[in-house]
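What follows is a single structure, written as structure tokens, with notes after it.
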Amino acid sequence: SAAFAEGLAPGDAVRVRVGLHGRLTRGDALALELPDRRVTFPDTVAPALEALLGGGTHVVGDLPGLPAADQVVLVRRLLREGVLVPAARP
């Protein structure tokens, strides 16, 4: 996953890690609450993050609400956090 994250580009596909237990919350910040940590994000990524966490396979560059370059940054972070894993293109 580390090499995949480093080379991530629009067109690459990802999915949520099997067995991930987390929930998206909105309070003072948009946050993904995981069993062992809380990962915060700017509100602008909410549509893309909700899509990713909703299940299925997603192609970087096709996520809602963000330009492709910002999608790469978001997905790379989620890969490094262990939230997402590489997937075959749908």
Go ahead and set up a Gaussian network model of the chain, Cα springs under 10 Å, then flag whichever of 59, 75, 18 fluctuates most. 18
Estimated 222 nm signal from helices in the chain, with DSSP H stretches of n ≥ 4 weighted -39500 (n - 2.57), rounded to 500: -8000 deg cm²/dmol
Please report the carbon-and-sulfur percent of the accessible area for the chain; probe 1.4 Å, protein heavy atoms only, DNA, RNA and ligands left out. 53 percent
What angle do you read, to the nearest 10 degrees and between 0 and 90, between the alpha-carbon axis of helix 68-80 and the longest principal axis of the chain? 70 degrees
In order through the stretch 85-90: 3J(HN,Hα) via Karplus (6.51 cos²θ - 1.76 cosθ + 1.60), integer Hz, x for Gly, Pro: 9, x, 9, 6, 4, x
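Given 10 °C and 1.306 mPa s, compute D for the chain with the Stokes-Einstein relation, Rh being the Kirkwood radius over Cα pairs; round to the nearest whole µm²/s. Working shown, then result.
Numbers: Rh = 13.0 Å.
Value of D from the Cα-based Kirkwood radius: 122 µm²/s.
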How much area per residue is accessible in the chain when the probe is 1.4 Å and only protein heavy atoms are counted (Å²)? 53 Å²
In percent, what relative contact order does the chain have, based on Cα pairs under 8 Å that are 6 or more apart in sequence? 41 percent
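The values are calculated or read from the model by the stated rules, or taken from the named source; none is laboratory data. Note that this is a predicted model, so its numbers are computed, not measured. Each accessible area value is taken on the protein alone, full model and side chains, heavy atoms only, with ligands, DNA and RNA left out. Shrake-Rupley method; radii C 1.70, N 1.55, O 1.52, S 1.80 Å.
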